[in-house]
Amino acid sequence: MSIASIQSDRLGANPFVVEGPIVSGSGIPGPNFSLGAVAGGDRESEWVYCQLVLASQTTLQPGQWFQWTRDYVASLLTTAAAVVGQRCGVFSGAAQPPTLTGGPVGAITLAPGTYYVWLQRNGQAPALVATATAALVVAETTTTAGQAGAPASATATTKAIANVNFAAANQTFTANTVNGSNLLTSLSGLNAGSGPFIGAAVSGTGISGGTTISGITYSPSGVVQSITLSANATANGTGIAITATGVLEATLMRPFLSKVN
């Protein structure tokens, strides 16, 4: 039996809050919604309420892929653990009010325990992706937990992810850099809904190899004001071309694991 309900951005479900850890007898209610409940948002987005049981400390990053059972018990998606027919989606990031200021939110580190999370199954979302190509017509599992692949052709023995596509193999924009600072400012050529996203690898003049995006600052209206990097810039630059890869904008259309490649 399904139950019709209405959720709003102010009352009801908040997809960006992780509930838990739930400890029996603690007095903390859990779950706070029926498993499988759906919350909606802009850009055709939908989130599903799932249980997540962690055996060890785990960091959840925006864009990580999960699968869930018919009982809405979620787990990080890998090729070895993927079950054909199960539905899947991504973790959109987490923040606790009132720190949520619009746009993609951040990573969260969780101790072992039982949690309840909202996982996105529809609309535009960050997606952790390896081996992305210009074609972006194939989505599949990988051996890395929470990471999908988007190769030019299917990889044997992986599991295919149906009903998802990617906007591009990377994202480019311009920014100013300051030698010794980890901030990118005076940004141009991007918007909050389409990225770049936390965890993405970035490259450009004056940016060291292996640098990633560790934080994003937004205005009250959701405009990206600055980007925090994991390492300081090594040169001053104005209007530097920046390329972001690894966490890409995806369009989710209620994806599921369709077959073994």
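The values are calculated or read from the model by the stated rules, or taken from the named source; none is laboratory data. Given the structure is predicted, the values throughout are model-derived calculations rather than measurements. Positions of Cβ are backbone-derived with ideal geometry, glycine not excepted, and every protein chain shown enters the neighbour counts. For the accessible areas, the whole protein counts, side chains as well, though only heavy atoms, and no ligand, DNA or RNA atoms are used. Shrake-Rupley method; radii C 1.70, N 1.55, O 1.52, S 1.80 Å.
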Cα-based convex hull, segment 213-256, per residue volume (Å³, whole number): 144
With every protein chain kept in place and ligands, DNA and RNA left out, what is the accessible area per residue of the chain? Probe 1.4 Å, answer in Å². 46
Take the Cα atoms of the chain, build their convex hull, and give its volume per residue in Å³. 134
Where the accessible area of the chain is counted over protein heavy atoms with a 1.4 Å probe, how much of it, in %, is carbon and sulfur? 54
P(r) of segment 111-220 over all Cα-Cα pairs, binned every 10 Å from zero, in whole percent: 11, 37, 32, 18, 2
Which of the listed residues, Ala74, Gly85, Gln61, is farthest toward the dipole's positive end in the chain, when Lys, Arg count +1 and Asp, Glu count -1 at the beta-carbon? Gly85
Restricting things to alpha carbons, tell me how big segment 177-261 is in terms of Rg and Dmax, in Å. 15.0, 49
What fraction of the DSSP beta bridges in the chain is antiparallel, stated in percent and rounded to the nearest 5? 95
